[in-house]
Structure formats: structure tokens, C-alpha cells
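Presented below is the structure to which this report refers.
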Amino acid sequence: MDYSPAQPAPRKALVAAPERFSAARMTADVGQLAGAGMAGRGLGTTELAAASRWIADRFESAGLQPGGEANGWFQTWEQPVEQLGRTVTLNNVVGILPGSDPKLAGESLVIGAHYDHFGRGEYADHETGRGRLHPGADDNASGVAVMLELARSLEGKPRPRTLVFVAFTAEETGRLGSRHYVQHAGDYPVDRVIAMLNLDTVGRLEDRALVLFGTGTAEEWVHIFRGAGYVTGVPIRTVADDFGSSDQTSFIEAGIPAVQFFGGTHADIHRPGDTLERLDTAGLVKVARVLSEVTDH
């Protein structure tokens with residue numbers, strides 16, 4: 001006689017919480033930025049300028065306020081770029097969700113993602129693929145898409161502390177965009193930034209744990225992300241060092257606790273194979289859940 005415990009058939013929950021984040025919407029955003037029309041979003045190109053305007057439109061649609069210069073969406077400046085051998089015009093895109101607590105006026109949490117990539121590989125860190133389109137779907141259209149999705153989810157729901165959303169330019173050529181932001185933060189200067197959350201290469205999570213680089217920059221990070229993992233059910237691996245890997249480093253150098261959300265390495269990073277078709281769309285939702293939980297905290 002078999003005395004093994006009975007195994008009831010799996011059942012759906014009688015009431016399921018609605019999903020706040022849309023995989024389809026984020027996939028469409030990645031497709032827009034990584035599509036042929038954006039030509040790899042190379043620095044100094046008309047396509048990268050078009051990408052900045054597209055992001056500004058999405059910020060406006062999400063109900064953010066312009067946070068750039070002259071009450072606009074952009075921080076614009078000219079700077080020599082060694083990899084290109086010339087001076088180019090650069091644009092960060094900045095959107096603000098003002099805080100509701102007057103006691104916290106001037107304080108901010110920065111949420112960022114870089115939107116530039118390698119174009120057709122002219123200045124990529126490898127010789128293979130020169131002249132071929134580098135779509136940059138994972139690196140870093142995915143990070144921009146998750147950032148936009150969080151902004152949409154917060155429309156009409158101000159937080160006590162101001163949230164500053166920044167799409168950084170020129171990350172691939174030495175973090176020029178985030179370095180500039182730290183030096184010219186305007187109404188929300190770096191000495192009033194409590195933390196920075198950076199989304200870079202989060203589009204191929206699959207069955208891996210979400211990696212957080214830079215959690216050694218504040219003793220609270222490990223506990224915050226432990227709680228976020230518990231609430232969202234997303235496995236999380238915290239790494240104390242940030243390895244100088246992305247725009248969070250510019251904030252860390254300025255004394256601001258900052259972390260990078262990272263979905264994991266693969267053979268297509270900085271290569272022509274970083275395409276929309278290889279995106280893990282369900283993983284984007286997982287990343288958005290963790291980002292939202294940490295932002296709320």
C-alpha cells in the first residue's frame with residue numbers, strides 16, 4: 001500500500017494582484033530604441049539625438065516635469081570625445097517627479113539608465129563587427145525601458161521625496177553623461193541626493209538572480225535588497241564592489257550611495273548580436289518589480 005502524501009492539483013489563486021508592469025510595453029520600448037531606425041544610437045549621430053527626443057516624449061507622457069536646462073528636458077553641452085577624435089554635442093534627458101513632503105525639499109533619489117550605444121561599431125571595444133549595426137537591445141535599451149515603465153507606474157502618485165529620472169548619454173565612452181550630471185545637477189545637487197539606482201543591461205535575466213553591483217556603498221543596501229527579494233519573489237545577488245562598470249560609479253565617486261541593476265553577462269554584449277529577439281521579456285517585469293520596491297523603500 002502506498003502511504004506517500006497526497007499531492008493536490010495546482011490551483012490558481014482566487015484573487016490575484018494585477019500586474020503593474022507591462023512586458024509588452026517594455027518590449028516595444030526596447031524595440032524602438034534598438035530598431036534599425038536608431039542605427040545603434042552611436043555618439044554624435046542624428047539617431048542618438050532622435051533617441052533623446054523620443055525619451056523626452058515618453059517622460060512627458062508619464063507625467064514627469066522637465067528637469068533639464070531652461071525648463072526643458074535636456075542637459076546639453078559640447079565635449080571632445082577621445083574615441084571619436086572630435087567634439088560632439090551631448091544630451092542627458094532629465095525628468096522630475098516632485099516630492100510631496102516639504103521637509104524633504106531639495107532631496108532626491110536618482111534613477112538612471114544610459115541610452116547611447118556603439119552605432120555601427122566604429123568605436124566598440126572589439127574589432128569584429130566593424131561596420132555592422134550594434135542594436136544594443138540589452139545594453140542598454142532594456143534599462144531605459146524599465147526606467148520608463150517605473151515612471152509610468154508612478155504617474156499621479158507623488159512620493160514624499162523627489163524622484164529624478166535621467167537617461168544618460170555617452171556611458172560607453174567613459175561615463176561622460178553621468179559625470180556631467182553629477183557636476184551640474186541643478187535644483188537637486190549631489191549633496192542632497194540620498195542614493196542612485198542605475199539600470200544597465202537588465203534584459204536577459206532568464207533564470208538567474210538579479211545582480212546588484214555597489215551594495216558596499218551603504219550599509220543599508222544589503223537589507224533593502226533582501227527585503228525587496230522577499231516581497232517580489234525575485235532572487236537577488238548583492239555584490240559589494242561596483243567595479244567601475246557603469247554610471248553609478250560617477251555618483252559613488254561623488255560620495256553618493258549607488259548601485260547597478262545587472263541581468264547577467266552573455267556573448268552578445270557590445271556585439272551585433274545584442275538584438276530584441278534575444279530579450280527576456282518576463283525578466284524585464286521582474287527587474288521593474290524590484291526597482292519599484294526599492295524606490296518605495
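The values are calculated or read from the model by the stated rules, or taken from the named source; none is laboratory data. Quantities reported herein were computed from a predicted structural model and do not represent experimental measurements. FYI the Cβ positions are ideal-geometry reconstructions off the backbone, even for glycines, and counts take in every protein chain you see. Side chains included, ligands, DNA and RNA excluded: accessible areas come from the protein's heavy atoms. Shrake-Rupley method; radii C 1.70, N 1.55, O 1.52, S 1.80 Å.
At-a-glance table
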| quantity | calculated |
| --- | --- |
| Cut-off 10 Å between beta-carbons: net charge of the residues surrounding residue 101, Lys and Arg +1, Asp and Glu -1 | +2 |
| Per-q log10 I(q)/I(0), the chain, q = 0.10 Å⁻¹ (Debye; single scatterer per alpha-carbon; no solvent) | -0.51 |
| Full-extension gain in nm, residue 126 to residue 226, via 0.36 nm per residue minus C-alpha separation | 32.3 nm |
| Residue 206 accessible area, assembled protein chains, probe 1.4 Å, Å² | 100 Å² |
| Fully extended contour minus Cα-Cα distance, from residue 297 to residue 277, at 0.36 nm per residue | 3.8 nm |
| The chain - share of DSSP beta bridges that are antiparallel (%, nearest 5) | 45 percent |
| Rounded FRET efficiency, nearest 0.05, which uses the C-beta distance separating residue 82 from residue 194 and R0 of 25 Å | 0.15 |
| C-alpha long axis of helix 46-61 to longest principal axis of the chain, angle in ° | 50 degrees |
| Local net charge near residue 233, Cβ-Cβ under 14 Å (Lys/Arg +1, Asp/Glu -1) | 0 |
| Area accessible to solvent at residue 253, 1.4 Å probe radius, in Å² | 120 Å² |
| Of all DSSP beta bridges in segment 92-189, antiparallel share, percent nearest 5 | 40 percent |
| Choice from 126, 134, 117 showing the highest fluctuation, given a GNM over the chain with Cα pairs closer than 10 Å | 126 |
| Mean accessible surface per residue for the chain, computed with a 1.4 Å probe while every protein chain stays in place, in Å² | 46 Å² |
